[in-house]
Amino acid sequence: MSITDRRTDLGSPWRRLAGALRGAGDGLAGWGLVAPVVLFFAVVFLVPVGLMVRWGFYRQLDTGALSDGFTFANYIRLFSVDLYRKATWTTLEISVLTTVVSALLAYPLALVMARGPALIGRILTVVVIAPMLINVVVRAYAWRVILANGDQGIVNWLLAQIGLGPVHLLYTEWAIVIGSVHVFLSTMVLPIAAALGRIDPAVEDAARTLGASSFAVFRRVTFPLSLPGLAVGSTLVFSLTASAFVAPALLGGNFVKMLGPLVQEQILSVFDWPFGAALATLLVVLVMGVNLASVGLIERRLQRKMKGAR
Amino acid sequence: MMARPDIELGGVVKAYHGHRAVDGVSFGVERGTILSLLGPSGCGKTTVMRMIAGLVRPDAGEIAIKGQPVTRVPVHRRNVGMLFQNYALFPHLDVGGNVAFGLEMRGVAKADVARKVIDALALVKLDKLAGRMPHQLSGGQQQRVALARALVVEPSVLLLDEPFGALDKQLREAMQVETRLLQRRLGITTLMVTHDQEEALTLSDEVAVMRGGRIEQLASPTAIYQSPTSAFVAGFIGTSNFLRGRIVLRQGDRALMESDDGIRVTVASAAAVGERLTVALRPEAIRLDLAGTTGSGPNRVATTIDQVIYRGLTTHVYLKRAGGEPLTAIRQNDDGAILAGLVPGAAVEAWWPDERNHVVAEDPA
Ligand SMILES: Nc1ncnc2c1ncn2[C@@H]1O[C@H](COP(=O)(O)OP(=O)(O)OP(=O)(O)O)[C@@H](O)[C@H]1O
Ligand SMILES: [Mg+2]
């Protein structure tokens, strides 16, 4: 089996990861190779996450001391107070919106990057990557200037010039979505462009000789073969948006609350570490749950498609 | 009356960056036959094929399939079956899905699709593997799926671009035979691209040798081997010794040529005395006499053996003449043994029947 075929294989990233781990486990040499990474992750990821989950089950007493043992008090509060339920919902909503908008913007861009003239491809790559070179705080402040409400924002000023507006943008969900799309667009574009670049042009030529119009080639060959890239990009953008805190804090302010800023508030302003930990745990579970569910869904759909094609 | 060829090209030209990759190619492939495009790498074979399929637009010239001009018909309406060098199976579809693709594009009813897919897979003996994914197949199996996928839509013509190039020798020969049988059974007009001369000779009804974007010679396999018209074809199909020289004597429709290094050969040629000619001489035409010099007539020369290479069925004998000029002879091995006495350093008389002297056109270059 040639390497190209294996690379365009739609096997899930998870299955491939499992395969790689099994392969690595084939001998002591394999373990030797992964040991440093395993150790590193154990120290900087598993231990803190474990501690975080554990802290979520403590309770901060009025004296500021921690309760002993195990309590669900934080979680009960989390699910019974409107603010937190709403923040959870808002977080999901904004993350999904950001993912969808990024995907819609990124896909045509990735197509041009992967298929267009080499020079344009290179220029686009630079344009897409450039925002990553600027600190996220700076970018968020820039968006505040652009989206500011009343007659101060650039958008509203422009709208006023043509006799429209003003619109209310800053401190809305859309402000966060716009800011996040800007921050994470490259995260979506690059995996899609990579997946498109890996498609063997002969496969598309074959589809054309078999009677597929340009649109049919895209729908039946190009798009399905680029799905792994789209899945990777979506997973990353969703996760990063959901757990972000700078853009939500600066662009949503006190009017749109997401879980990220709430965690920060609890820990750094209220000093209620156990409740902050519970909020953070909820965020992690939420992100992981959505990712696993969507990966599973995509995989099932693909398999059904392949069967159905027969 | 002869019907029009199923594939017709007239003066087809394609240039890339000002360089003519295909430079005025015209030929026809008769109904039900296989024509092979043979030539060195980069001579434009694939480009010709892609223009017939519609994947490349010619700069000039006309292409017709089954009598219909298709030069301005888009790929997906040309109804050609094409086999790509690396098969280009859809990696995200299983074998059945791959074969069904062309039928679905044609809007064939679901029930008919299923039946035709099974029939097509049976044709290439893969009906048991309909549920496999392409990466779970061997190279030969992938090739067959690609063939089934191309044939199931009942294409007007079949285009094969180096179809066996990626297979190992054993499998390649098996697939060549199988493909040829299938082609005969279906009677489908086929154009094959290859740079394997043996493949071209064994599989084709006609062979077109290409060079630098042009067709150098188009003829049946036997004609192209036995009567190459140019030095290039004589050297590209099999091997040839080349003798270059001047006519020194004329007698009726025959002439005596003396090569620049002193070999005298008789040729059938109308060339006048003093004119320059090139004669191609197949190595297997050369006989070897170990007895030493036996005569001084034309079509013979005294040599010493430089190297002897045993090739199983044949022995390649590399000879050297007094002045060091090389000459290659190929002898059939009787009972698989090398002819006794063929050892480096031995003096041998090389001679050949004069009908094996073949006048060829010299390269313009
Ligand atoms: N898309 C292209 N862009 C630029 N040049 C091209 C393109 N396709 C082919 N060429 C050039 O045209 C010439 C003929 O190419 P072609 O692929 O037809 O050769 P070929 O005879 O099939 O060779 P091979 O035996 O190596 O497959 C080559 O010089 C090649 O570099
Ligand atoms: Mg080629």
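The values are calculated or read from the model by the stated rules, or taken from the named source; none is laboratory data. Quick caveat: nothing in here was measured; it's all calculated off a predicted structure. Reconstructed Cβ throughout: ideal geometry from the backbone, glycine too, with neighbour counts over all protein chains shown. The protein model used for the area step is the full one, side chains on, heavy atoms only, and it has no ligands, DNA or RNA in it. Shrake-Rupley method; radii C 1.70, N 1.55, O 1.52, S 1.80 Å.
General remarks:
- By the rule of a C-alpha distance below 20 Å, with chain neighbours fewer than 8 residues away ignored, the aspartates and glutamates paired with B:LYS169 are B:ASP161, B:GLU178, B:ASP196, B:GLU198, B:GLU199.
- GluC sites (Glu not before Pro) within the range B:255-303, DSSP loop, no more than 16 other Cβ atoms inside 10 Å: B:GLU275
- Annotation for the range A:102-117 versus the range B:1-57: alpha-carbon center distance of 35 Å.
- Ligands, DNA and RNA left out, the 1.4 Å accessible surface of the protein assembly as shown is 62% carbon and sulfur atoms.
- Most to least accessible of B:LYS45, B:LYS128 (protein chains only, probe 1.4 Å): B:LYS128, B:LYS45
- Mean-square fluctuations from a GNM of chain A, with a 10 angstrom spring cutoff on Cα atoms, peak among A:ALA175, A:ALA293, A:ALA231 at A:ALA293.
- Candidates B:MET82, B:MET192, B:MET51: whichever shows maximal mean-square fluctuation once chain B is modelled as a Gaussian network with Cα springs under 10 Å: B:MET51
- In percent, rounded to a whole number, the relative contact order of chain A is 24, using alpha-carbon pairs under 8 Å and six or more apart.
- Note on chain B: with charges restricted to the Cβ of Lys and Arg (+1) and Asp and Glu (-1), its dipole about the Cα centre is near 1020 debye.
- Percentage relative contact order, chain B, counting C-alpha pairs under 8 Å, at least six apart: 15
- Solvent-accessible area of A:LEU240 with every protein chain in place, 1.4 Å probe, in Å² to the nearest 10: 70
- Whole-Hz Karplus values for the range B:35-48 come out as 10, 9, 9, 10, x, x, 4, x, 7, x, 4, 4, 4, 4 Hz, taken residue by residue from phi with 6.51 cos²θ - 1.76 cosθ + 1.60 and θ = phi - 60°; glycine and proline positions read x.
- Loss of accessible area when A meets B, both sides summed, Å² nearest 100, probe 1.4 Å: 2600
- Backbone geometry of the range A:87-93 corresponds, through the Karplus equation with coefficients 6.51, -1.76 and 1.60 at θ = phi - 60°, to 3J(HN,Hα) couplings of 4, 4, 5, 4, 4, 4, 4 Hz, x marking Gly and Pro.
- Look at the stretch B:149-155: the mean tally of other chain Cβ atoms within 10 Å of its residues' Cβ atoms is 2.
- Oblate is the label for the range B:204-325. Its Cα gyration tensor axes, ordered a ≥ b ≥ c, give a/c of at least 1.5 and b/c at or above a/b.
- Rolled with a 1.4 Å probe across the full set of protein chains, the surface gives A:ILE120 an accessible area near 80 Å².
- For peptide B:70-79, the mean count of partner chain Cβ atoms within 10 Å of a residue's Cβ comes to 3.
- Per-residue mean of C-beta atoms belonging to partner chains within 10 Å, peptide B:92-102: 6
- The range B:176-192 and the range B:100-153: distance between their alpha carbon centers, rounded to Å: 17
- Shown are B:ILE63, A:ILE129, A:ILE123, B:ILE330, whose ranking by accessible area with a 1.4 Å probe and every protein chain present, most to least, is A:ILE123, A:ILE129, B:ILE330, B:ILE63.
- Sorting B:LYS320, B:LYS110, B:LYS14 by solvent-accessible area of protein heavy atoms yields B:LYS110, B:LYS320, B:LYS14, largest first, with a 1.4 Å probe.
- Cα centroid separation, the range B:258-279 to the range A:122-153 (Å): 82
- Solvent exposure of B:ASP196, expressed as accessible area, is near 50 Å², computed with a probe of 1.4 Å over the protein chains only.
- Placed amide H near B:SER230: partners under 5 Å, 5+ positions off or other chain: B:ALA361
- 3J(HN,Hα) couplings calculated from phi for the range B:303-315 with the Karplus curve 6.51 cos²θ - 1.76 cosθ + 1.60 (θ = phi - 60°) are, in sequence order, 9, 10, 7, 9, 8, 10, 10, 7, 10, x, 5, 10, 10 Hz; Gly and Pro show x.
- In terms of its alpha-carbon gyration tensor, chain A comes out oblate; a/c meets the 1.5 threshold, while b/c is at least as large as a/b.
- Residues whose amide H falls under 5 Å from that of B:GLN217, counting only those 5 or more places apart or on a different chain, are B:VAL209, with hydrogens built in the peptide plane.
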